[in-house]
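These notes concern the structure reproduced below.
Just so it is clear, none of the values below were taken in a lab; they were calculated from the coordinates. Quantities reported herein were computed from a predicted structural model and do not represent experimental measurements. Positions of Cβ are backbone-derived with ideal geometry, glycine not excepted, and every protein chain shown enters the neighbour counts.
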Amino acid sequence: MKKGELLEHARPFYEEVELLELEHAIDIATTAHEGQKRKSGEAYIIHPMAVATTLVDWGMDIDTVIAGILHDTVEDTDLSLDQLENLFGKDVSFLVDGVTKVSKARAGMHDLAEYLPQTKDNLSKLLIAVGQDVRVIIIKLADRLHNMQTLQHMPREKQIKIARESLEVFAPMADRLGMGRVRMQIEELAYSYIDPVEFKRLQNLMRKRLGKSTRKLGIVREEVDRALKAQNISNDINGRVKSIYSLHKKLKKVDGNIDDVYDLMALRVIVETKEDCYRVLGILHSLYQPMIARIKDYIAIPKPNGYQSLHTTVLTPSKQIVEFQIRTYEMHEYSERGLAASFHYHEQKSSKDYTRGKKSAVLPSNMQWITQLQEIATKLRSGEEITDSQLNIDLFGNRIFVYSPKGDIYNLPEGAFPLDFAYLVHSDLGKHAYGFRVNGSIHAFDKPLSNGDVVEIMTRKSVSPKTSWLELVSTTHARAKLRAQLRKNGAIQSITHAAGIIREKTRKTRVHSKNDKS
């Protein structure tokens, strides 16, 4: 995309003064990158222009779009952060600096299973960048997406490295931000390079299957549309085809039998209100026989990344199995663009409410993991030790929702214990917890919580934290709060002191032993 095309593309979404600033950024980046070429032989400026275009499409604020244009200038040209700050302000230079840190963190990354112990500093930089401003990672996702779209120009060895890293780091990050469409695009492109033979085979298998079922699905779609119109429910119905990478993962679960994959193609029903979603569900179940075990209510209990939708699988009179996804337009927008869809920067220019300062008050409950990353980032910057397993749990692990008895939602990593929940609600509740009720029943301290649990914390003023509790927490947040309380009570210091006495006795014994030998 050329300069004029990008400006026209952005014009409907930004003020005139913002467009002038964007134009200035394009000119600065074009001059800075002059003479640089991509592997394809094209002028390098094509890449940052593509990144900025994607950020416009995602609805990001003008500072993010400008940072997208300038994201490689500090790393690859003579421009400095100070110059960027003078030209475009502190926010833009801050974002470019964050993207530069993430780019450096990429260096030397290997297979996720291997690199965590060896290059923790790289992952730390990634965490720090995310913790400072979520927009950094959104820019990086746009950057990675365009690099994946042009990966054919790289050597095979580099293709595999970049594709694997994309699948194991950036696709999960997109998923954490609720950016479903981006996650799928990255996964598809990455998998096509990692295993091109299997990718092609599954593509052909999918094509054959869809050819047989598309016409039958069209008939079902018309039936449903008539039934909804008869009930005066305004709607849009469209098809959703399963991605190749999702099919690959699903086939591994069903021993490779594609006949056991019911959602190769699903029908998506989009309506105005949440109430309409449940009305549509009722109408579908009156038309077709529902498969009870496959009804999922992600509206009442959203997925950990904020995804909301009703899912149901039905059996039609012609014995066709059809999956439906039912959601509002707002839910659909979020499922496609995730956190990027909820920024609303054109009305709210500052990113501080989302990223620094008013954390839990503004971030939606499903994005509490961002607050946890901020805490990890602070500890890493202060030099505090964070274990690889904690990083793995907090960043890449699956997430669950649990509820307080009042109905407040809390987001935790899968495998979290009741004390993790208590410390997330408030450190004083954790400190004085003597027991837990989960879904009305007594729940052991060492038994993990499950998605959808309602957790009641039972407290007594006389109860105080114990060092044994360190084995009963899995999150960095709870561990840090608990350690601080133990340190304040003298528990950790006394242990350290005892260990010091033992070490000193051992040293003296060795000295005496050495003297005796001499």
Open item on the list: If each residue of separation counts as 0.36 nm, what is the full-extension length gain between residue 221 and residue 83 once their alpha-carbon separation is subtracted?
Closed with: 44.0 nm
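According to the square roots a ≥ b ≥ c of the eigenvalues of the Cα gyration tensor, what is the shape class of the stretch 1-94, taking rounded for a/c under 1.5, prolate for a/b larger than b/c otherwise, and oblate for the remainder?
Judged from the Cα gyration tensor, the stretch 1-94 comes out oblate (a/c at least 1.5, b/c at or above a/b).
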Open item on the list: If neighbour count is taken as other Cβ atoms inside 10 Å, put 161, 242, 216 in order from fewest to most.
Closed with: 216, 161, 242
Open item on the list: In whole Å, what are the extents of the stretch 197-338 along the principal axes defined by its C-alpha atoms, from largest to smallest?
Closed with: 47, 36, 24
Open item on the list: Can you work out the Karplus-derived ³J(HN,Hα) for every residue in the stretch 471-483? Use 6.51 cos²θ - 1.76 cosθ + 1.60 with θ = phi - 60°, whole Hz, and x for glycine or proline.
Closed with: 7, 10, 10, 10, 8, 4, 4, 5, 4, 5, 4, 5, 4
Open item on the list: From the phi angles alone, apply the Karplus equation (6.51, -1.76, 1.60; θ = phi - 60°) to the stretch 25-38 and give each ³J(HN,Hα) in whole Hz, x where the residue is Gly or Pro.
Closed with: 5, 4, 4, 4, 5, 4, 5, 5, 8, 4, x, 7, 10, 8
- [ ] Sticking with the crude label model, points 7 Å out along Cα→Cβ, report the distance from residue 241 to residue 1 in nm, one decimal please.
- [x] 2.5
TODO: Provide the gained length on full extension for the span residue 34 to residue 409, in nm with one decimal, where the gain is 0.36 nm per separating residue minus the Cα-Cα distance.
DONE: 129.9 nm
Open item on the list: With the cut-off at 19 Å, tell me which of the pairs 140/161; 229/274; 252/303; 406/466; 158/250; 216/319 have Cα atoms farther apart than that.
Closed with: 252/303; 406/466; 158/250
- [ ] Using R₀ = 51 Å, calculate the FRET efficiency as 1/(1 + (r/R₀)^6) where r is the Cβ-Cβ separation of residue 210 and residue 20; round to 0.05.
- [x] 0.60
Open item on the list: Could you tell me the calculated FRET efficiency between residue 426 and residue 297, based on Cβ-Cβ distance and R0 = 25 angstrom, to the nearest 0.05?
Closed with: 0.30
Task: Fewest-first sequence of 222, 157 by Cβ atoms within 10 Å of each Cβ - done: 157, 222
Task: Burial ranking of peptide ranges 61-70, 285-294 (average Cβ count within 10 Å, highest at the top) - done: 61-70, 285-294
Open item on the list: I'd like the FRET efficiency for residue 255 and residue 471, computed as 1/(1 + (r/R0)^6) with the beta carbon distance as r and R0 of 56 Å, rounded to 0.05.
Closed with: 0.90
Task: For 459, 31, order by how many other beta-carbon atoms lie within 10 Å, fewest first - done: 31, 459
Open item on the list: I'd like to compare 165-173, 252-260, 423-431: which one has the highest average count of other Cβ atoms within 10 Å, and what's the full order after that?
Closed with: 165-173, 423-431, 252-260
Task: Percent RCO, i.e. relative contact order, over the stretch 197-338, from Cα pairs under 8 Å lying at least 6 residues apart - done: 22
TODO: Find the relative contact order for the stretch 221-305 and round it to a whole percent, using C-alpha pairs within less than 8 Å whose residues are 6+ positions apart.
DONE: 32
Task: Shape of the stretch 39-80, Cα gyration tensor, a/c cut at 1.5 - done: oblate
